[in-house]
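Trainee: I have a structure here, written as structure tokens, and I will follow up with some questions on it.
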């Protein structure tokens, strides 16, 4: 990452958790940032993720995948590469149980790492209300697949609001935890590995190596979901194998570039505020469409974005959400807001509005690229979203 974007990322992650407040606040509300420090004895605040906007109910199942052909790149002594993946899908309402946001141990580790001092109780995380139903019966039909990759050090749960919304709009979503690169992954045996790479990125080859490894993780997940005759997921028949996309936040967004380059099955990519340490090559992305959404970097631009933008050889958009910060594109600020945690300088966009805009533009992109539905929202600035600017 560039120095400026890496600094912004670190600030945002230290100040926010991957959860959100109840969606009752007006969509356009933008409360003024505050620097007040909550008491360590503050009781858990009732947390609800924003309601998905699509017509479908959402189901969720969790997969444990083991790559028989690849040792773990970060901890070879652990053996084969193992990944936890949450599958979100259009479902029949009322046919499953409440899907928890995180396990208690994963939440405890995440809070200890990101918001030390017991400022936010574990119960606020584990008790958060999601809209997905565990084990719900799927809707009939075949749907595009979108693979989601979270930011470096963060668990897949930080993109839950986006995953649930895409599923409600008619997508199958595979949200991936990249083991040893994040805080808060619990395996079926109850173990919750720590983030081995965190704080030691250069010792493991830098962000470039992590991006390339994540591309391999994503391709492996696609392999497992589309394998014939025995895919890893019991509802894999829902997936339209000819319509696959990827989106990610921060380093997860950066990983979309190598994923698109190395896997012909992935047709379109979205980078949510991730500096592209592996820039788009001069030869482009083989004409594949790419959406870049970021927060403003005052007085500068990320050079990896300007270089990659010029080299993109397919449909492309570069959007900036004015008043946003690095965490805006995740659930994180939605949870930080009610605890009055400080925000990065220049932040004026409310947490709710950030999720709303992220959902709208990411869904519009995939509706256009994977469903061939015209999307005027992506044609240029609109009065309904004055915070969004289009890079020329």
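The values are calculated or read from the model by the stated rules, or taken from the named source; none is laboratory data. What you see is a predicted model, and the numbers here were worked out from it, not measured in a lab. For neighbour counting, all protein chains shown are included, and Cβ atoms are generated from backbone atoms with ideal geometry for every residue, glycine included.
Trainee: Does the stretch 278-290 contain any residue that is within 18 Å of the chain's Cα centre (by Cα) and either buried (at least 24 other Cβ atoms within 10 Å of the Cβ) or in a loop (DSSP other than H, G, I, E, B) (or both)?
Mentor: Checking the stretch 278-290: at least one residue is within 18 Å of the chain's Cα centre (by Cα) and either buried (at least 24 other Cβ atoms within 10 Å of the Cβ) or in a loop (DSSP other than H, G, I, E, B) (or both).
Trainee: Given the structure, is residue 300 touching a residue at least 12 places away in the same chain (Cβ under 8 Å) and more than 22 Å from the chain's Cα centre (by Cα)?
Mentor: Spelling it out, residue 300 is indeed touching a residue at least 12 places away in the same chain (Cβ under 8 Å) and more than 22 Å from the chain's Cα centre (by Cα).
Trainee: With 253, 274 as the choices, which residue is in a loop (DSSP other than H, G, I, E, B) and either within 13 Å of the chain's Cα centre (by Cα) or closer than 17 Å to residue 166 by Cα (or both)? Working first, answer last.
Mentor: Working: 253 fails: in a loop (DSSP other than H, G, I, E, B).
So the residue among 253, 274 that is in a loop (DSSP other than H, G, I, E, B) and either within 13 Å of the chain's Cα centre (by Cα) or closer than 17 Å to residue 166 by Cα (or both) is 274.
Trainee: Output the qualifying pairs, or none if there are none: Cβ atoms under 6 angstrom, residues six or more apart or on different chains, first residue in the stretch 228-249 and in contact (Cβ under 8 Å) with a residue 40 or more places away in the chain, second residue assigned to a loop (DSSP other than H, G, I, E, B) and surrounded by 14 or more Cβ atoms within 10 Å (Cβ to Cβ).
Mentor: 244/265; 248/255; 249/150; 249/151; 249/330
Trainee: Quick check on residue 323: is it within 23 Å of the chain's Cα centre (by Cα), on the phi > 0 side of the Ramachandran plot and at pLDDT 95 or above?
Mentor: yes
Trainee: Sticking with this structure for a sec: With the requirement that a residue be part of a helix (DSSP H, G or I), more than 18 Å from residue 253 (Cβ to Cβ) and in contact with a strand residue (DSSP E or B) (Cβ under 7 Å, 6 or more places away or on another chain), what does the stretch 346-383 give you?
Mentor: Residue satisfying the conditions is 371 alone.
Trainee: Now for a separate question. Please enumerate the residues belonging to the stretch 110-125 that are over 20 Å from the mean Cα position of the chain (by Cα) and under 13 Å from residue 47 (Cβ atoms).
Mentor: 120, 121, 122, 123, 124
Trainee: Another question, then. For the list (1) farther than 21 Å from residue 145 by Cβ; (2) in a strand (DSSP E or B), I need the number of the one condition that residue 293 fails.
Mentor: Unmet condition: (1).
Trainee: If I filter the stretch 126-182 down to residues being in a strand (DSSP E or B) and over 15 Å from the mean Cα position of the chain (by Cα), which single residue comes out as nearest to residue 113 (Cα to Cα)?
Mentor: Checked the stretch 126-182; the qualifying residue nearest to residue 113 (Cα to Cα) is 129.
Trainee: Follow-up. Given the conditions (1) at pLDDT below 90; (2) over 17 Å from residue 331 (Cα atoms); (3) in a loop (DSSP other than H, G, I, E, B); (4) within 22 Å of the chain's Cα centre (by Cα), which single one is not true for residue 43?
Mentor: The number of the failed condition is (4).
Trainee: Applying the selection to the stretch 87-125, what residues are crowded, with 23+ Cβ neighbours inside 10 Å and in a strand (DSSP E or B)?
Mentor: Correct list: 87, 88, 89, 90, 91.
Trainee: If you don't mind, another one. If you scan the stretch 126-138, which residues turn out to be buried (at least 18 other Cβ atoms within 10 Å of the Cβ) and under 15 Å from residue 46 (Cα atoms)?
Mentor: 126, 128, 130, 131, listed by residue number.
Trainee: Could you tell me how many of the residues in the stretch 194-242 are over 25 Å from residue 134 (Cα atoms) and in a strand (DSSP E or B)?
Mentor: Selection size over the stretch 194-242: 1.
Trainee: Can you tell me which residue among 327, 323 is over 27 Å from residue 374 (Cα atoms) and outside any loop (DSSP other than H, G, I, E, B)?
Mentor: 327
Trainee: From the set of residues in the stretch 87-118 that are in contact with a helix residue (DSSP H, G or I) (Cβ under 6 Å, 6 or more places away or on another chain) and free of Cβ contacts under 8 Å to residues at least 40 places away in the same chain, which is nearest to residue 233 (Cα to Cα)?
Mentor: Within the stretch 87-118, the match that is nearest to residue 233 (Cα to Cα) is 104.
Trainee: Take the residues in the stretch 65-86 that are in contact (Cβ under 8 Å) with a residue 40 or more places away in the chain and farther than 17 Å from residue 192 by Cα, then tell me which one is surrounded by the most Cβ atoms within 10 Å (Cβ to Cβ).
Mentor: 73
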